[in-house]
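What follows is a short report on a single structure.
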Ligand SMILES: Cc1ncc(COP(=O)(O)O)c(C=O)c1O
């Protein structure tokens, strides 16, 4: 006992957290509704009748979010990357050929995972902020045979939307490849028709479009894809992220690991709110909100990084003007205006999120004002008032949709 280490000095969390929580207007996590926060404070047994009802509800509502009739919808105790890992570990083993359609950090991560699993990975990577086209994929799949094709519907790292996703899925299906889609920042913010487009595995996280908490994610498999993973010839390298094992819990309420119960309850409430809003209304809210914000940003004098036709609405990337330090802008926004936005991975941009609860008019005015003033302080020549006026005008009547 004499050699026991002493406890460290401690501090209540309230001394660490800011007295007024920062408004999260970055690329995720995003603010969560009260119902989600309340659910996240509840612990119940992860096995038993009450949890069975919760799981059944999560699956039914997630099927609506993914637009699939497949039974094989599962929650994942882990970040979106965990759900991505589950998708890749399901279909990739030594010798499997994977075509990674890379638009940035996250879509590239699917390729890294495939490589780690022993897959033979070919990466198709157009210049930054350029979408992948069905023609490029058709050429690649006509040249060589692939078992799996991976893509991100929205590439958060640069604000790009892969507009030809439905056509790309059709090409993959024609060539007999399984299609894995990262819908982490897009699900429920814009259309994604899993069954209609022929997607075999789609993943999303809680902390983005769903407006739930980070660390609990969702994955949906097509029935045909689930057969592939159930019959895979080689051993299964993952335990937690093994879909077949996880299906014991999500399919028949048997123990896999102790589920992150509060996170699953939070997800339930987030999905319930989505079902109550309905997808068409939610898509419209995101569209109106993001376009109004984009109009405000441009009217202020800043440039958007991605051209309009392939611009992602859920994460808006903004060029940092010459001579301005984007990190200082973000710091000033947090310190003075209590608003947080994101930097980027190696690109000279800042990113504003438009996912879930971020798409509310009071949040738009706050982030646009804070950003304009902070950029101006760092030397950018901006007309902040013109930006706010453009935002107001763009919201106009449609502002009621945004709430
Ligand atoms: C498109 C996309 N995919 C994957 C991820 C990884 O999510 P997580 O950090 O929850 O693992 C992110 C996170 O920003 C993302 O935006």
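Structure values in brief
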quantity: Yes/no for residue 73 being modelled with pLDDT of 95 or more, away from the ligand (no atom under 16 Å from the Cβ), in contact with a strand residue (DSSP E or B) (Cβ under 8 Å, 6 or more places away or on another chain) and within 25 Å of residue 282 (Cβ to Cβ); calculated: yes
quantity: Answer from 215, 209 - the residue that is within 13 Å of the ligand (Cβ to nearest atom), on the phi > 0 side of the Ramachandran plot and in contact with a strand residue (DSSP E or B) (Cβ under 9 Å, 6 or more places away or on another chain); calculated: 215
quantity: Residues that are assigned to a strand (DSSP E or B), within 10 Å of the ligand (Cβ to nearest atom) and closer than 16 Å to residue 111 by Cβ, drawn from segment 146-163; calculated: 152, 155
quantity: Residue 68, sole failed condition from (1) away from the ligand (no atom under 16 Å from the Cβ); (2) under 18 Å from residue 274 (Cβ atoms); (3) assigned to a helix (DSSP H, G or I); calculated: (3)
quantity: Filter result for the condition that a residue is farther than 30 Å from residue 350 by Cβ and in contact with a strand residue (DSSP E or B) (Cβ under 7 Å, 6 or more places away or on another chain), over 50, 68, 10; calculated: 68
quantity: Leading residue by the ranking (nearest to the ligand (Cβ to nearest atom)) among those in segment 84-115 that are assigned to a strand (DSSP E or B) and touching a residue at least 60 places away in the same chain (Cβ under 8 Å); calculated: 101
quantity: Any hit, segment 164-180, residues being within 11 Å of the ligand (Cβ to nearest atom) and either farther than 18 Å from residue 133 by Cβ or modelled with pLDDT of 95 or more (or both); calculated: no
quantity: Residue match in segment 122-145 (condition: within 15 Å of the ligand (Cβ to nearest atom), outside the structural domain of residue 304 (by TED's automatic domain parsing), under 17 Å from the mean Cα position of the chain (by Cα) and crowded, with 19+ Cβ neighbours inside 10 Å); calculated: no
quantity: Only listed residue being within 16 Å of residue 22 (Cα to Cα) and touching a residue at least 60 places away in the same chain (Cβ under 8 Å), chosen from 338, 313; calculated: 338
quantity: Test: residue 35 is within 16 Å of the ligand (Cβ to nearest atom) and either at negative phi or at pLDDT 95 or above (or both); calculated: no
quantity: Evaluation of residue 192 against (1) within 16 Å of the ligand (Cβ to nearest atom); (2) in contact with a strand residue (DSSP E or B) (Cβ under 6 Å, 6 or more places away or on another chain) (one fails), failing number; calculated: (2)
quantity: Odd one out for residue 331 among (1) assigned to a helix (DSSP H, G or I); (2) touching a helix residue (DSSP H, G or I) at 6+ places or on another chain (Cβ under 7 Å); calculated: (2)
quantity: Leading residue by the ranking (nearest to residue 152 (Cα to Cα)) among those in segment 182-191 that are touching a helix residue (DSSP H, G or I) at 6+ places or on another chain (Cβ under 7 Å) and surrounded by 24 or more Cβ atoms within 10 Å (Cβ to Cβ); calculated: 182
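The values are calculated or read from the model by the stated rules, or taken from the named source; none is laboratory data. Note that the coordinates shown come from a computational prediction; the quantities given were computed from them, not determined experimentally. Neighbour counts run over all protein chains shown; Cβ positions are idealised from the backbone, glycine included.
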